[in-house]
Amino acid sequence: MREITPKKIVEMKGREKITMVTAYDYPSALIADKAGMDIIFIGDSLGMVVYGEENTLNVSMDQMVYHTRAVAKGVKRALVLADMPFMSYEVSIEEGMKNAARLIQAGADAVKIEGGYDHYKLVKKLVRSGIPVMGHTGLTPQRYLRLGGYRLMGEREEEIEEILMDAKALEKAGAFAMVLEFMLSDVAKLVTEEVKIPTIGIGSGPHCDGQVLVWHDLLGIYENVPPFVKKYADLRSMIGLALEEYKNDVKDGRFPEPRHYWEFLDKDDFEKKRKRVLERISEDH
Ligand code: KIV
């Protein structure tokens, strides 16, 4: 069992901010865990940032299981959270249960679903069966067609009501936390005050109990990132420069250097071996 459990995440509310970052493979998971992240999250955003899709709707359960397995191998301390992809839990509670179990069997400690109120029964059943659940309200990218695109949420009164109903339903069903995505910070503050479980914001301001960002966005791997992202590095330029330098070194004969390869010290010995091998080869053919 890993050090950070869903119970510990709940206990952090009001005491210390919760840190969460996405990761999709083993080396990233190792780095994120060593950096001391509380939650390492295999988000279905992988459809966009790893597979180059325009949205998250094509992400399959098999992809989520595959990446969860890789991430889980790299994490010793943080809570490993895996996303339930589009239509893996909407069709029936049974299917949602089976799919959540696959992510847990792949090494996740908990699963995340988008929505709240509509999935009350599923969340309750998952939690009772021993699968910790995180909810997600506000901008829910799996519903971007219904929402009319990726947009800031919570301006209209009906939207505030819907968000709050999701949050209350998640709390009542036994979810241990919820993501609040891209909503007005006043609304995120209201939700954070109204529920006893932690809220983890993305583009929703400073009042949430924690923050989550997507790996590729915060590390500057892409040029175009959502407006709420803070870039902590410019890996795109760094990687590009490193690759160019490698290419130029190879083209101009600067790589490999003598410290990167091994040769026979006794050239006479090699000459004898070379002759014998060539003779044998020519006999054989
Ligand atoms: O899939 C994802 O990365 C997410 C985060 C934006 C919270 O759901």
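Only the coordinates and a few stated rules stand behind these numbers; no lab work does. Computed from a prediction, not measured in an experiment: that's the story for all the values here. Positions of Cβ are backbone-derived with ideal geometry, glycine not excepted, and every protein chain shown enters the neighbour counts.
For ASP25, no residue whose modelled amide H falls within less than 5 Å of its own remains once neighbours fewer than 5 places apart on the same chain are excluded. Axis of helix 267-284 versus longest Cα principal axis of the chain: the two differ by about 90°, to the nearest ten degrees. Other residues within the sphere of radius under 12 Å centred on the Cβ of LYS275, judged by their own Cβ, net out at +1 (K and R +1, D and E -1).
Identify, among LEU265, ALA29, VAL91, the residue whose Cα sits farthest towards the positive end of the charge dipole of the chain, taking +1 on the Cβ of Lys and Arg and -1 on the Cβ of Asp and Glu, with the dipole about the Cα centre. Going by the charge dipole, the pick is LEU265.
Using 0.36 nm per residue and subtracting the Cα-Cα separation, the extra length available between PHE228 and THR5 on full extension is 77.5 nm. For VAL179, nonlocal amide neighbours, meaning residues 5 or more places apart or on other chains whose placed amide H falls under 5 Å from its own, are GLY135, HIS136, THR137, ILE200.
Spin-label model, MET238/GLU194: points 7 Å from Cα along the beta carbon direction are separated by 4.1 nm.
The chymotrypsin sites (Phe, Trp or Tyr not before Pro) of segment 224-285 that meet both conditions, a loop assignment by DSSP and at most 14 other Cβ atoms within 10 Å of the site Cβ, are TYR232, TYR261, TRP262, PHE264. Between LYS121 and ARG15, the FRET efficiency estimated from the beta carbon spacing at R0 = 35 angstrom works out to 0.65.
Angle check, please: helix 61-74 long axis (alpha carbons) against the longest principal axis of the chain (alpha carbons), in degrees 0 to 90, nearest 10. Its long axis makes an angle of about 70 degrees. Each residue of segment 16-25 was assigned a 3J(HN,Hα) from its phi angle through the Karplus curve 6.51 cos²θ - 1.76 cosθ + 1.60 (θ = phi - 60°); the sequence is 8, 5, 9, 10, 9, 9, 7, 8, 10, 8 Hz, with glycine and proline shown as x.
Return the distance in nm (one decimal) between the two label points of a simple spin-label model at TYR261 and GLU157, each offset 7 Å from Cα along Cα→Cβ. Using points 7 Å along Cα→Cβ, the separation is 7.6 nm.
In the chain, the longest principal axis of the Cα atoms and the axis of helix 157-173 are about 80 degrees apart.
Residue by residue, segment 238-248 carries 3J(HN,Hα) couplings of 4, 5, x, 5, 4, 5, 5, 5, 4, 4, 5 Hz when phi is fed to the Karplus relation 6.51 cos²θ - 1.76 cosθ + 1.60 (θ = phi - 60°); x denotes Gly or Pro. Overall, segment 6-218 carries a charge dipole of about 980 debye about its Cα centre when +1 sits on the Cβ of Lys and Arg and -1 on the Cβ of Asp and Glu, all other atoms neutral. If R0 equals 30 Å, the separation of the Cβ atoms of LYS251 and GLU54 corresponds to a calculated FRET efficiency of about 0.25.
With θ taken as phi - 60° and the Karplus curve 6.51 cos²θ - 1.76 cosθ + 1.60 applied, the whole-hertz 3J(HN,Hα) list for segment 224-231 is 8, 10, x, x, 8, 7, 9, 8 Hz, x standing for glycine and proline.
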